[in-house]
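The values are calculated or read from the model by the stated rules, or taken from the named source; none is laboratory data. Just so it is clear, the model here is predicted, and its values are computed rather than measured. Note that we place each Cβ from the backbone using ideal geometry, even for glycine, and neighbour counts take in every protein chain shown.
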Amino acid sequence: MTDFAGLQDVPLGAPASPEATRLATTVLDTTTSLDRAYELTAAHLLTLPRVEAVTAALTTFAPEDETGWVHLGQRAWVTEWLQPGTVCNVLPPPGAGPEAALTMPWVSPRARNGPLVISDIDLLPPEAAQDHREMSACGIRSMVVGAQLSDGVMYGSMAIGGPAVGPWPDSDVADFRLLSASLTSRIALEQARRSLAESVAVGAHAREAQQHFLASIGHELRTPLTAIIGYTEMMVDEADELASDPFAEAVGRDGRVILRACEQLMAVLEDLLSAGRAVGDTGPREQLDVQAAVADVLHWHRTAARTADVTLENLVDPGSSVMAHPAGLRQVLANLIGNAIVHNVEGGKVIVTAESLRGESGDARLRVIVRDDGPGMTPEQLARVFDPFVRFARDTVKGTGLGLSLSRSIAERDGGTIGAESTAGTGSAFWIELPVDAS
């Protein structure tokens with residue numbers, strides 16, 4: 001029950017009219033523009049006998065078509081729809097600043113908790129004197145008002161009103177509640193869409209900046225590194241010719257340490273540049289034959305596998321395909337298969353399979369799995385395996401610790417995911433999951 005005579009209880013169980021129910025479906029249909037959804041909603045609410053004015057405010061973004069809306073500085077965009085000949089007028093005059101807007105200090109905070117139904121402003125408590133003056137000046141004597149909130153975010157508000165007083169019909173309040181809630185859902189969706197578009201634009205800019213950075217760092221680091229390696233190799237060669245000299249022996253020993261460090265840094269640089277080119281590929285994704293891509297990568301690794309006494313098997317079914325960038329898919333497969341060979345046991349196998357799955361939204365996806373017979377990983381290692389510069393291999397195994405981290409970036413760039421399963425002592429299975437088609 002309400003605590004004030006001027007307020008009316010909201011009929012929670014009252015059904016909306018069939019017209020409002022059908023309109024709510026149209027409002028929620030994303031093929032209907034948000035501006036059009038507001039127009040249709042206002043047109044319906046103006047058919048209710050008590051309603052002579054419909055007002056709306058947007059606080060998080062501007063309307064697509066600003067015609068008929070008044071921008072109140074940084075505060076909000078407001079508009080109204082009126083019955084012909086009505087005495088009601090809520091909008092401030094054109095060019096007015098935010099100070100001209102209604103403040104409604106008593107009504108506004110209460111309307112944030114749900115629709116507030118005012119049957120007669122003369123019956124409001126003394127604390128609502130400012131609200132009474134503002135509504136009277138607009139020709140409004142009764143109204144239904146509600147904030148448009150979703151997950152704690154205030155998107156705006158909506159109100160209906162007129163000069164008549166007395167209880168509002170339950171059906172009118174039910175129509176208002178349904179249509180206001182439908183508009184709130186559409187606004188939240190539109191806000192999410194705009195945020196996504198902004199994120200995509202920011203991501204594209206960041207990718208361009210990354211490419212510029214990688215190109216610059218490639219030139220700035222590779223040139224001096226090459227010089228250091230060249231001069232160090234000369235020192236080591238000359239020191240080897242004077243091996244009996246203690247100083248020359250120390251130069252040769254320390255020079256080899258410098259060479260190993262430079263080679264490691266060069267490997268990191270090459271990994272960054274290679275992955276940067278793959279992640280930054282702005283060309284269209286293609287329908288790729290996964291069996292053929294796996295066959296290519298296994299062919300590239302045949303010598304390394306033979307040296308390590310590891311057998312390679314391609315068990316991917318013919319006709320298996322995904323939508324991805326060709327270079328990116330092969331880069332990820334090369335990282336997964338290369339790791340499976342390096343971390344395998346002598347006489348072990350690397351088996352590549354694929355299985356069809358459905359994504360969370362029901363889209364068709366293909367998971368390509370690379371299994372090995374290596375030592376496996378502990379749960380603690382598995383939790384960190386995709387972090388950059390993380391390595392669990394023995395020191396004699398070359399690597400930068402960037403391959404899996406960059407593979408994850410490539411997979412996500414193509415709308416996929418990457419993951420692993422492993423148990424210490426029983427081998428590991430790393431996989432990349434990608435969409436089967438462009439949808």
- Message: Can you confirm whether Val54 is in contact (Cβ under 8 Å) with a residue 40 or more places away in the chain and either more than 20 Å from Leu34 (Cα to Cα) or out of contact with any helix residue (DSSP H, G or I) (no Cβ under 6 Å at 6 or more places or on another chain) (or both)?
- Response: no
- Return a yes/no flag: does region 147-157 have any residue that is of a type in the set (Val, Ile, Thr) and either over 36 Å from the mean Cα position of the chain (by Cα) or outside the structural domain of Leu45 (by TED's automatic domain parsing) (or both). no
- Message: Restricting to region 401-433, count the residues that are modelled with pLDDT under 85, within 12 Å of Asn339 (Cα to Cα) and either outside the structural domain of Leu357 (by TED's automatic domain parsing) or not small (Gly, Ala, Ser) (or both).
- Response: 1
- Within region 370-400, of all residues that are of a type in the set (Gly, Ala, Ser) and crowded, with 16+ Cβ neighbours inside 10 Å, the one modelled with the lowest pLDDT is Gly399
- Message: Can you report the number of residues in region 298-340 which are over 16 Å from Arg408 (Cα atoms), part of a helix (DSSP H, G or I), in contact with a Leu (Cβ under 8 Å, 6 or more places away or on another chain) and among the hydrophobic types (A, V, I, L, M, F, W, C)?
- Response: 2
- Task: Could you tell me whether region 147-154 includes any residue that is free of Cβ contacts under 8 Å to residues at least 40 places away in the same chain and touching a Lys or Arg at 6+ places or on another chain (Cβ under 7 Å)?
- Result: yes
- Top-ranked residue in region 18-48 [being at pLDDT 95 or above and assigned to a loop (DSSP other than H, G, I, E, B); ranked as nearest to Asp175 (Cα to Cα)]: Leu48
- Message: Which of the strands (runs of 3 or more DSSP E) found entirely inside region 60-126 contain at least 1 residues meeting this: among the aromatic types (Phe, Trp, Tyr) and either surrounded by 13 or more Cβ atoms within 10 Å (Cβ to Cβ) or not assigned by TED's automatic domain parsing to the domain that holds Leu12 (or both)?
- Response: 76-82
- Taking the stated definitions as given, is Ala192 assigned to a helix (DSSP H, G or I), loosely packed, with under 12 Cβ neighbours inside 10 Å, assigned by TED's automatic domain parsing to the domain that holds Ser33 and modelled with pLDDT of 75 or more? yes
